[in-house]
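Chemist: Got a structure for you, written out below as structure tokens; questions coming shortly.
The values are calculated or read from the model by the stated rules, or taken from the named source; none is laboratory data. Only a predicted model underlies this, so the values are computations on that prediction, with no experimental measurement involved. Methodologically, a virtual Cβ is constructed for each residue, glycine included, from the backbone with ideal geometry; neighbour enumeration extends over all protein chains shown. The protein model used for the area step is the full one, side chains on, heavy atoms only, and it has no ligands, DNA or RNA in it. Shrake-Rupley method; radii C 1.70, N 1.55, O 1.52, S 1.80 Å.
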Amino acid sequence: MSVNSFGRILRFTTWGESHGPALGAVVDGCPPGLAISEAVLQPFLDARRPGQSKFTTQRQEPDVVKILSGVFEGRTTGTPISLMIENVDQRSKDYSEVAAAYRPGHADYAYDAKYGFRDYRGGGRSSARETAARVAAGGVARLVIPEVTILAYVTEIGGDAIDPARFDAAEIARNPFFCPDAAAAARWAQSVDAARLAGSSLGAVVECVATGVPAGWGAPLYGKLDADLAAGMMSINAVKGVEIGDGFAAARLTGEQNADPMRPGDDGPVFLANHAGGIVGGIATGQPVVVRVAFKPTSSILTLVDTITRPDADGVSEASQIRTKGRHDPCVGIRGAPVVEAMMALVLADHKLLHRGQCG
């Protein structure tokens, strides 16, 4: 089963665990001749890197990306591009209790049920640490779609949403929350810090907008652009919901309200609304592609939670309680913005190549 790979033409595979020596990605199908270097990819890793504020995990990982293959004289060769990121700040001893009992909300039991064996050090493949590899791969994908601009930001933490009227794109880089609303960022500083001090956690919503996507990318029915975006976003650890355009809010509109009226323009139609999020019938309309992604609260909390022990040799589990020690994000969705951007880039790059393969 190739369940660690995603994409059709531009296909990437991630590898590695949270507390292994390294993790990384192999990107296959990238067109040759694209200018690339580690310096081009590193800023995307830096945006996601942990330990940059008290509002994220204090694990100190430089997340320096190394290109091992697929590049010669600063350009892609068309062969697989292998990317590696070393883990340098693991503290596996923090997870000794997790070896004996399952953490509710984590994938501990699910992995054990599937494989009969699990890497309990930080969750292994189920850890948010895996997303570093996606961000590196997403940096490669961006080179395939230079016509597209991708921007993700956090719109809600712990049920407290931004005011759209206060949206300021320049503000996103000025605070540790990837927040476009300075007032909301100030409120979140208090609520996230309170959750951190209490050993608890909060959920978040990340919105991502891709502008410059040409009309025509995507395919009907089983190759829908929005279906692949939904699958890509849902594959991110801790994601529990995805909306395209108005999403669930569209179910509360009338047909007249939900329509995206069109008028003729100099370079094609001019849309007067974008309830569809830039995708209709699985195919891009040329409008901005809009995706919202819901991240659950981090399951690693210091509060005692009821659980059961791992079955003994006789298959017997016992009632127990557990609190998760170690260094964890009080809101994993904060660092989700660079990951969502990466998945947007990977899906769009794949669909650009798919479109070119069928339509020239």
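Chemist: Show me the GluC sites (Glu not before Pro) within the range 72-178 that DSSP assigns to loop and that have at most 14 other Cβ atoms within 10 Å of their Cβ.
Modeler: Answer by residue number: Glu73, Glu147.
Chemist: Write down Rg/Rh for the range 149-216, rounded to two decimals, with Rg from the C-alpha atoms and Rh from the Kirkwood relation over Cα pairs.
Modeler: Value, to two decimals: 1.06.
Chemist: Okay, next question. Roughly how compact is the range 225-298, stated as its Cα Rg over 2.2 N^0.38 Å to two decimals?
Modeler: Output field value: 1.25.
Chemist: If you don't mind, there's one more thing I want to ask. Write down the radius of gyration of the chain and its Dmax, each obtained from C-alpha positions, in Å.
Modeler: Over the chain's Cα set, Rg and Dmax evaluate to 21.1, 74 Å.
Chemist: Fully extended, how many nm does the chain gain between Asp160 and Val64 (0.36 nm per residue separation, minus their Cα-Cα distance)?
Modeler: 31.2 nm
Chemist: Roughly how many Å is it from the Cα centre of the range 304-341 to that of the range 206-232, as a whole number?
Modeler: So the two Cα centres are separated by 33 Å.
Chemist: Please give the FRET efficiency for Ser235 paired with Asp266, using the beta carbon to beta carbon distance and R0 = 30 Å, rounded to the nearest 0.05.
Modeler: Working: r = 39 Å, r/R0 = 1.31.
Calculated transfer efficiency: 0.15.
Chemist: Once you have the Cα-Cα distance between Ser5 and Asp112, take 0.36 nm times their residue separation minus that, and quote the gain in nm to one decimal.
Modeler: Once the chain is fully extended between Ser5 and Asp112, it gains 36.4 nm.
Chemist: Pop the C-beta distance of Asn258 and Arg75 into the FRET formula with R0 = 41 Å and round what comes out to the nearest 0.05.
Modeler: It comes out at approximately 0.35.
Chemist: Measuring with a 1.4 Å probe in the full set of protein chains, what accessible area per residue, in whole Å², belongs to the range 234-360?
Modeler: Here the residues of the range 234-360 average 50 Å² of exposed surface.
Chemist: Here's another thing I want to ask about it. Pop out the ³J(HN,Hα) list for the range 210-222 in order, Karplus 6.51 cos²θ - 1.76 cosθ + 1.60 with θ = phi - 60°, rounded to Hz; leave Gly and Pro as x.
Modeler: With the stated coefficients, the range 210-222 comes to 10, 9, x, 6, x, 4, x, 5, x, 7, x, 6, 8 Hz.
Chemist: Checking the cross-link filter: which aspartates and glutamates have an alpha carbon closer than 20 Å to that of Lys66, excluding same-chain neighbours under 8 positions apart?
Modeler: Result set, ordered by chain and number: Glu17, Asp28, Glu38, Asp46, Glu86, Asp89, Glu130.
Chemist: Still on this structure: Loop only by DSSP, 10 or fewer other Cβ within 10 Å of the Cβ. Give me the trypsin sites (Lys or Arg not before Pro) in the range 250-337 that pass, ordered by residue number.
Modeler: Taking the range 250-337 and a limit of 10 other Cβ atoms within 10 Å, no loop trypsin sites (Lys or Arg not before Pro) are found.
Chemist: Determine, from the Cβ-Cβ distance of Asp168 and Leu302 and an R0 of 30 Å, the FRET efficiency 1/(1 + (r/R0)^6), rounded to the nearest 0.05.
Modeler: For R0 = 30 Å, the calculated efficiency reads 0.30.
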